[in-house]
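Accompanying notes for the structure given below.
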Amino acid sequence: MISLNINGKKHQVDAPDDKPLLWVLRDDLHMTGTKFGCGAALCGACTVHIDGNPVRSCVMPIKAVAGRKVTTIEGIGATPLGQKVQRTWVELNVPQCGYCQSGQVMAAVALLSKIPKPTDTDIDQAMSGNICRCGMYPRIRRALHQLAD
Ligand code: FES
């Protein structure tokens, strides 16, 4: 049994301690907002926050997150910044197919919490690991600039 703190709630998980957090979230805890894309830390679809920092949950064994604060897309709206980002995403109609967007939102919140007014370079650096196959990068950038106003 491993004790995980997810979105402010404690969960006892009966899973191998090297099981990736992504699959514990999706399969054991039925929190399916965090998406599987590549499984190799390359696409960003599985991004969650650990202690406020964005991480790829597909390559994060649960033993590495025991006792740390995990935030997923299901919980990010509980913070004022997370709520603001999600509202702006809807308002500006950022997603096309939407599959990568939970990871994009998690990356965006992490960026804005560290750099409230990011430049294009800051955005490129923070968001370039989050792949969008629909190519919604201009909309993501517009949303981040609007959030910085
Ligand atoms: Fe984790 Fe692609 S599924 S980075």
Margin query: Restricting to the range 45-55, and then to whatever is of a type outside the set (A, V, I, L, M, F, W, C) and within 8 Å of the chain's Cα centre (by Cα), can you tell me which residue is nearest to residue 76 (Cα to Cα)?
Written below: 49
Next item on the list: Would you mind finding the one in 42, 81 that is open to solvent by 40 Å² or more (accessible area, probe 1.4 Å), within 16 Å of the ligand (Cβ to nearest atom) and aliphatic (A, V, I, L, M)?
Entry: 42
Notebook entry, point to check: Does the range 54-65 contain any residue that is of a type outside the set (Val, Ile, Thr) and under 23 Å from residue 88 (Cα atoms)?
Noted result: yes
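Which residues, counting only those in the range 16-64, are charged (D, E, K, R) and touching a residue at least 60 places away in the same chain (Cβ under 8 Å)?
Quick first cut of the range 16-64, residues charged (D, E, K, R) only: 17-19, 26-28, 35, 51, 56, 63.
Within the range 16-64, 35, 63 meet the criteria.
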Next item on the list: Please give the number of the condition residue 101 fails out of (1) surrounded by 20 or more Cβ atoms within 10 Å (Cβ to Cβ); (2) under 17 Å from residue 52 (Cβ atoms).
Entry: (2)
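For residue 103, state whether it is assigned to a loop (DSSP other than H, G, I, E, B), out of contact with any Leu (no Cβ under 9 Å at 6 or more places or on another chain) and not aromatic (Phe, Trp, Tyr).
Values: assigned to a loop (DSSP other than H, G, I, E, B): no; out of contact with any Leu (no Cβ under 9 Å at 6 or more places or on another chain): yes; not aromatic (Phe, Trp, Tyr): yes.
For residue 103, the condition - assigned to a loop (DSSP other than H, G, I, E, B), out of contact with any Leu (no Cβ under 9 Å at 6 or more places or on another chain) and not aromatic (Phe, Trp, Tyr) - is not met.
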Checklist line | Unmet criterion (only one of (1) surrounded by fewer than 22 Cβ atoms within 10 Å (Cβ to Cβ); (2) more than 16 Å from the chain's Cα centre (by Cα); (3) within 16 Å of the ligand (Cβ to nearest atom)) for residue 63 | finding: (3)
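Looking only at the range 122-149, how many residues end up being of a type outside the set (Ser, Thr, Tyr) and within 21 Å of residue 35 (Cα to Cα)? It would help to see each step written out before you state the result.
The first filter runs over the range 122-149 and keeps only residues of a type outside the set (Ser, Thr, Tyr), leaving 122-127, 129-136, 138-149.
Restricting the remaining residues to those that are within 21 Å of residue 35 (Cα to Cα) gives 126-127, 129-136, 139-140.
The total comes to 12.
The values are calculated or read from the model by the stated rules, or taken from the named source; none is laboratory data. Note that the structure is a prediction, hence the values are computed from the model and not measured. When we count neighbours, we look across all protein chains shown, and the Cβ atoms used for this are built from the backbone with ideal geometry, even at glycine. Just so you know, the surface numbers come from the protein's heavy atoms only, side chains and all, with ligands and any DNA or RNA stripped out. Shrake-Rupley method; radii C 1.70, N 1.55, O 1.52, S 1.80 Å.
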